[in-house]
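A.B. asks: Shown below is the structure under consideration.
The values are calculated or read from the model by the stated rules, or taken from the named source; none is laboratory data. Note that this is a predicted model, so its numbers are computed, not measured. So basically every Cβ, Gly included, is an ideal-geometry build from the backbone, and we count neighbours across all protein chains shown.
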Amino acid sequence: MIVLHFTPAGARRCTLAFGTDLAHDRDRMERVVVPQRTERGWLKVDPATLEERPGVFGAGDVTGLGGFTHLAYYHGQVVARRLRGMDARADHTAVRRVTFTDPEVASVGLSEAAARARGIDVVVAGADPAETARGYIHDFHGGALKLVGDRQRGVLIGATLVTPRAGEIVGELVLAIKLGTPLKTLADVIHPFPAFNRVLGESLDQLAAKARRSS
Ligand SMILES: Cc1cc2nc3c(=O)[nH]c(=O)nc-3n(C[C@H](O)[C@H](O)[C@H](O)COP(=O)(O)OP(=O)(O)OC[C@H]3O[C@@H](n4cnc5c(N)ncnc54)[C@H](O)[C@@H]3O)c2cc1C
């Protein structure tokens, strides 16, 4: 986490700190700056500008916006650009979450339950990576793929994968969610044989068909 205290005239003080430690140590955080905190104790920043107040920024774990190295790095980039006078804004709609177990677990966007809780008219599709050519080649079992779509908008809104290289495979779904790519376009993407990402093809096709049938 970085807390930077700036004025229009330039830098006055710069504090580099403290990951989750600071978020959970009220006394120490309040010696740095008297901060606004969320109900769960995180530094309360505007998720787009990452400012707790004008000139005071939070980035990474301490914001509670996601506990990932790649997100902390991204926040650092946004803060640095804002400090250089650019109107950089953080977008958290498609932050990928990856657990580097064997097999990897990756997800992005909303789960089916979270989407339903928001009142979204949901369509879902799934596939078993074991049923792909690469699954046979590696004798891989115990994986999963679940895709969640928004029927009204005809777009992907969430995905969870349990498969070797899930952290990489999820990449095109991250971009699709970020851009709101139509399901019919996603279903038309050709995945190379016998790459692990071929598991996406059939389920994207299913999801697009379900959304089309019921719209
Ligand atoms: C076991 C484990 C495994 C993880 N694996 C992954 C992974 O595979 N992928 C992933 O994306 N994320 C992973 N994470 C999460 C990731 O480490 C954090 O999201 C990321 O480090 C957050 O960066 P940050 O800069 O916000 O905080 P931190 O990386 O915690 O940086 C805060 C820094 O502040 C320093 N500090 C603390 N107190 C003070 C003080 N008083 N004065 C000066 N400096 C201070 C700390 O020493 C630290 O260097 C893992 C976390 C853990 C605990």
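A.B. asks: Here are some residues: Gly109, Gly119, Gly76. Which one is within 19 Å of Lys178 (Cβ to Cβ) and among the small types (Gly, Ala, Ser)?
C.D. replies: Criteria check complete, one pass: Gly109.
A.B. asks: Please work out which residue is surrounded by the fewest Cβ atoms within 10 Å (Cβ to Cβ), limiting yourself to region 52-63 and to residues that are near the ligand (Cβ under 10 Å from one of its atoms) and not in a loop (DSSP other than H, G, I, E, B).
C.D. replies: The qualifying residue surrounded by the fewest Cβ atoms within 10 Å (Cβ to Cβ) is Asp61.
A.B. asks: If Ala195 passes every condition in (1) over 19 Å from Glu112 (Cβ atoms); (2) without any contact (Cβ under 8 Å) to a residue 60 or more places away in the chain; (3) aliphatic (A, V, I, L, M) but one, which one does it miss?
C.D. replies: (2) is the only condition that Ala195 fails.
A.B. asks: Listed residues Val95, Val78; which is modelled with pLDDT of 90 or more, part of a loop (DSSP other than H, G, I, E, B) and of a type in the set (Val, Ile, Thr)?
C.D. replies: Val95
A.B. asks: In the set Ala133, Ala106, Ala127, which member is in contact with a helix residue (DSSP H, G or I) (Cβ under 9 Å, 6 or more places away or on another chain), small (Gly, Ala, Ser), surrounded by fewer than 15 Cβ atoms within 10 Å (Cβ to Cβ) and over 30 Å from Gln36 (Cβ atoms)?
C.D. replies: The conditions single out Ala133.
A.B. asks: While we're looking at this one, here's another question. Within region 64-79, track down each residue that is within 16 Å of Thr49 (Cβ to Cβ) and near the ligand (Cβ under 8 Å from one of its atoms).
C.D. replies: Leu71, His75, Gly76
A.B. asks: When only residues in region 13-31 that are within 27 Å of Gly85 (Cα to Cα) and more than 9 Å from the ligand (Cβ to nearest atom) count, which is modelled with the highest pLDDT?
C.D. replies: Checking each candidate, the answer is Met29.
A.B. asks: I've got another one for you. Can you name the residue in region 31-47 that is over 28 Å from Phe100 (Cα atoms) and of a type in the set (A, V, I, L, M, F, W, C) and is also surrounded by the fewest Cβ atoms within 10 Å (Cβ to Cβ) among such residues?
C.D. replies: Among residues in region 31-47 that are over 28 Å from Phe100 (Cα atoms) and of a type in the set (A, V, I, L, M, F, W, C), the one surrounded by the fewest Cβ atoms within 10 Å (Cβ to Cβ) is Val34.
A.B. asks: Go through region 187-213 and count every residue that is among the β-branched types (Val, Ile, Thr) and part of a helix (DSSP H, G or I).
C.D. replies: 1
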